[in-house]
1. Say we look at the range 98-113 and pick out the residues that are surrounded by fewer than 21 Cβ atoms within 10 Å (Cβ to Cβ) and at pLDDT 95 or above; which of these is farthest from residue 450 (Cα to Cα)?
2. Considering only residues that are polar (S, T, N, Q) and outside any strand (DSSP E or B), which ones fall in the range 145-173?
3. What's the number of the condition residue 345 fails, among (1) buried (at least 21 other Cβ atoms within 10 Å of the Cβ); (2) farther than 15 Å from residue 409 by Cα; (3) over 21 Å from the mean Cα position of the chain (by Cα)?
4. For the range 83-128, what are the residues that are hydroxyl-bearing (Ser, Thr, Tyr) and either in contact (Cβ under 8 Å) with a residue 40 or more places away in the chain or in contact with a helix residue (DSSP H, G or I) (Cβ under 7 Å, 6 or more places away or on another chain) (or both)?
5. Test of understanding: among 277, 312, which residue is acidic (Asp, Glu) and modelled with pLDDT of 95 or more?
6. Any idea which of 425, 447 is in contact with a strand residue (DSSP E or B) (Cβ under 7 Å, 6 or more places away or on another chain) and at pLDDT 90 or above?
7. Determine whether residue 175 is more than 19 Å from residue 320 (Cα to Cα) and surrounded by 14 or more Cβ atoms within 10 Å (Cβ to Cβ).
8. Answer with yes or no whether residue 71 is more than 23 Å from residue 432 (Cα to Cα), over 16 Å from the mean Cα position of the chain (by Cα) and not polar (S, T, N, Q).
Amino acid sequence: MSNHLLRSLPSIERLLERPLAHRLASELSRERVRDLLREITDELRENLSRDGSFSNSEAQSLTELIEGRLARKATESSRSSLRRVINATGVILHTNLGRAPLARQAVDAVAETASGYSSLEYDLERGERGHRESHCRQLLARLTGSQSSVVANNNAAAVMLVLNTLAEGGEVIVSRGELIEIGGSFRIPDVMGKSGAVLREVGTTNRTRIEDYERAINDRTKLILRVHPSNFKVIGFTERPAVHQIADLAKRRGLESFEDLGSGCLIDLAPYGVKDEPVVSESLNAGISVVSFSGDKMLGGPQAGIIAGSKEIIDRVRRNPLMRALRVDKMTYAAIEATLRLYDRGRALSEIPVLRAIAAGSEQIGRRAEALSKSIAKIKDTSLSAAVEEGVSVIGGGSAPEVKLPTVLVTLQSGTISAAKLEERLRNYAIPIITRTERERILLDLRTVAEDDEPILLEAIAAVTQPAQQTAASVEL
């Protein structure tokens, strides 16, 4: 049987002359379609040679089978690997999903800047070469109270730049309780080692006093570092010097002080349930020489590491040869500047998606959840049931680990499809829907779903739960 089927496989040239191949060739190129057909026929030969698992009816539709696979492979081939998804998990800063989505104004700024030439390093007023760092300097000065600023490609880069600039070959004093891992197995001691600075640990994991820092200062000390432990919390018998104590000690001993703020809040989010996340301006106002923080976490902008502080330190960082390797491009500057302008105009909470999601109350989310649940109940020809229940959202992205924001969840359960299969189908929809599963149910948290995306979410649920979808057969050898 398998030998007969092997002989029955249509030739590549014959398949290329068929209407489907012609259409796909105009989209992908004839050479690419030829390669896909070879992949498919090679797979068929291998499977047939191994077990010959083909029925007579299937043998009569080899061409249709190959073309079905060709259509699927062509779709996969033309689809970008980096795709837009709808985040229905309730994790606001989902690291795997790109962290902070940009505000519409930032997206528009990126598109305008990327579509042509720009004044990235050109001073339009003077008609001569300028500096890219100037684009956000005044905005950051107003929003953080800094004298100057510079932008690197992420906060780990920002930390390394500051340490290398201020403390290469010397010692940096830091509390043992602040030697954190910042994600992706990148640890503060490792970053410090690459910077050329020498780590000098003081205190203990749970208790470090200002006297511990003072006793550690010696002739080799270049810097005192304070790290905000944004991705974990030590509770119980703890002690940690206040920001102003670190700043005062450094000034009194003729040293610089540096605080790695991690997430980088520009406004106080305590009224919305996010406590213990330091505001950037408070650290600089307390006398810290220089701070660094992320652009794509609580700030709500693109991936970046922002360094802000005294003009003398920032000028030194800017002249560091590493700066050229770690600087950002025109699109990042465009997105950062547009995001910062929303803060400057008092529109951050209403326009920046991350802040809007944090500030959303459970009543507001509940109304949306009820409406979606009723719409799901109207889907015909499906065994799907939807309900609403209370739950919690989280910040994510290594920020505010203890914060649980009250929310209202939409729960989905099917009488014919397992939760795992339903999750898979939603994840593989044209616009992937990323969800949570719990107790054989799909959980949808609209806190992280834009209102404009709700029709797409409803459309996806309807599509993946229809009987046609459930019974659609694809021949697998």
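1. For the range 98-113, the residue satisfying everything is 112.
2. Residues of the range 145-173 that are polar (S, T, N, Q), as a first pass: 146-149, 153-155, 164-165.
Matches in the range 145-173: 146, 147, 153, 154, 155, 164, 165.
3. (1)
4. The answer is 89, 95, 113, 118.
5. One residue alone meets the criteria, 312.
6. Values: 425 fails: in contact with a strand residue (DSSP E or B) (Cβ under 7 Å, 6 or more places away or on another chain).
Testing whether each residue is in contact with a strand residue (DSSP E or B) (Cβ under 7 Å, 6 or more places away or on another chain) and at pLDDT 90 or above leaves just 447.
7. It is true that residue 175 is more than 19 Å from residue 320 (Cα to Cα) and surrounded by 14 or more Cβ atoms within 10 Å (Cβ to Cβ).
8. Answer is no for this residue.
The values are calculated or read from the model by the stated rules, or taken from the named source; none is laboratory data. Note that the coordinates shown come from a computational prediction; the quantities given were computed from them, not determined experimentally. Counting neighbours? That spans all protein chains shown, and the Cβs are built from the backbone with ideal geometry, glycine included.
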